[in-house]
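These notes concern the structure reproduced below.
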Amino acid sequence: MAFDYAKAYQQFIDEEMTALSATAWMVPEVGKVRFTGGRDVEISTLSTSGLGSYDATKSDGSAYPSGTVTNAWKTYPLTMDRGVKFALDRTDPNDTGFIVTAENVIREFSRSALVKEQDTYRIQKLYALANADTAHKATHIVSKTLTKANAITEVTSLLQTVRDDAEEMEGYVALVSHKNKSAFLEAATGTYHNISFGNSVSINGVVYENVMMLDDLPCIFLPQSRMKTAISVQNGDGNEGGIVPASDAKNIAVVITHCDAPLAVSKLDSIKQFGPAENQFFDGTSIQARYLYDLFVPEKKLPAIGAIVEA
């Protein structure tokens, strides 16, 4: 029976993403997204009608006004179409030896490249969607440099604005650039807010360690390089690939979003491996992978996103 390399590689990628990605919690639960083939996915949006007036004078079954339940599936294309090819020099031609070597390569690729690229893309996409929301942009995109004196006030104020506009009080997550951690550490004493560090928190089933809790808001720290207002997607031709900050990018200090708003979708679209006997280009094994991904936010969830951009 042929070894299922695609299944094994996807498992390696998923394990590393869950362990190291600050945005792994954005992957939607099973059943909310379905793949339809090619680069398209369908996302489910469930909605119901509101209450009507009860009529106690009716006894024919019409006392209760009819309500409606709609589960609409909308098609979205995965815009990020990425690929990579690795060359492994021949060491051991049997499957067992090969998969150990391939696992090391795929895991290192996931840790050092894929996690960073997807975190960077997802955070920038959240910012871009909030910045394009004309109804809320003026109050949901805040230009401010965080300091000991204002860090707590700015974050809690933005959170309250987002809560009021989204009409959802609980379930928010903050992504905070690590360089601003000292501002919160210095401000932790002498405030009526409850701030604690080093917490273990589960967000949508993904457990994070060393999380700061600002009252009831979990704050995940990550490198500033992954929190930029604009990005440049490298094609890998004459460069190292991946995603880098655009020349005009500003630093994002904080992104606040409801945990149900972002829907991060990805799939290992194809995987090919050619062993030394098949590979005509060099004496070794070639691994070729095509990876599709994107992030979506349903329109009604846009008010649940806010950001603080460094002035």
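Derivation of every value follows stated rules applied to the coordinates shown; laboratory data play no part. Keep in mind the model is a prediction, meaning the values are calculated, not measured. Cβ: placed from backbone, ideal geometry, glycine included. Neighbour counts: every protein chain shown.
Between 261, 56, 149, the Gaussian network model of the chain with springs among Cα atoms under 10 angstrom shows the greatest mean-square fluctuation at 56. With 20 Å bins beginning at zero, the pair-distance distribution over Cα atoms of the chain amounts to 28, 49, 20, 3, 0 %. Please check: in the Gaussian network model of the chain (C-alpha springs, under 10 Å), which one of 281, 86, 197 has the largest mean-square fluctuation. Sorting by GNM fluctuation, first place goes to 281. Calculated FRET efficiency, residue 87 to residue 128, Cβ-Cβ distance, R0 = 41 Å: about 0.70 to the nearest 0.05. Ranking 162, 308, 207 by Cα position along the charge dipole of the chain, where only Lys, Arg, Asp and Glu carry charges on their C-beta atoms, puts 308 farthest toward the positive end. Comparing 296, 258, 285 along the charge dipole axis of the range 248-302, the residue lying farthest to the positive side is 258, per the Cβ-charge model. Computed on the range 5-309, with alpha-carbon pairs under 8 angstrom and 6+ residues apart, the relative contact order is 25 percent. Here the chain is treated with +1 on each Lys and Arg Cβ and -1 on each Asp and Glu Cβ, and its dipole about the Cα centre works out to around 520 debye. Available extension along the chain between residue 138 and residue 44 is 30.9 nm, counting 0.36 nm per residue and deducting the alpha carbon span. Net charge near residue 140: determine it from the other residues with C-beta under 9 Å of the C-beta of residue 140, scoring Lys and Arg +1 and Asp and Glu -1. Computed value for this residue: -1.
Think of each Lys and Arg Cβ as +1 and each Asp and Glu Cβ as -1; about the Cα centre, that makes the dipole of the range 214-311 roughly 140 debye. What you get for the range 177-228, charging only the Cβ of Lys and Arg (+1) and of Asp and Glu (-1), is a dipole of about 320 debye around the Cα centre.
Per-residue ellipticity at 222 nm for the chain, helices alone: DSSP H runs ≥ 4 residues times -39500 (n - 2.57), over residue total, nearest 500 deg cm²/dmol? Computed ellipticity for the chain at 222 nm equals -7500 deg cm²/dmol.
Between the range 213-230 and the range 142-192, the C-alpha centres lie 10 angstrom from each other. Per-residue Karplus couplings for the range 173-186, computed as 6.51 cos²θ - 1.76 cosθ + 1.60 with θ equal to phi - 60°, are listed in order as 9, 10, 9, 10, 5, 4, 5, 8, 4, 4, 4, 6, 4, 5 Hz, Gly and Pro entered as x.
Taking amide H as placed 1.01 Å from N in the peptide plane, the amide H of residue 27 sits under 5 Å from that of 264, each at least 5 places away or on another chain. Remark: the range 133-139, residue by residue, has Karplus-estimated 3J(HN,Hα) of 7, 4, 5, 10, 3, 4, 10 Hz, where x stands for each Gly or Pro and the curve is 6.51 cos²θ - 1.76 cosθ + 1.60 at θ = phi - 60°. Among the GluC sites (Glu not before Pro) found in the range 128-169, those both in a DSSP coil and sparsely packed, with 12 or fewer other Cβ atoms within 10 Å of their Cβ, are 167. Taking springs between alpha-carbon atoms closer than 10 angstrom, which of 188, 151, 138 fluctuates most in the Gaussian network model of the chain? Maximum among the listed residues: 138. With a threshold of 31 Å on the Cα-Cα distance, the over-threshold entries among 85/301; 74/228; 85/144; 144/300; 32/250 are 85/301; 85/144; 32/250.
Around the amide H of residue 246, modelled in the peptide plane, lie the amide H atoms of 230, 231, 232, all under 5 Å away and 5 or more residues distant in sequence or on another chain. Computed from Cα atoms alone, the Kirkwood hydrodynamic radius reported for the range 108-212 is 15.9 Å.
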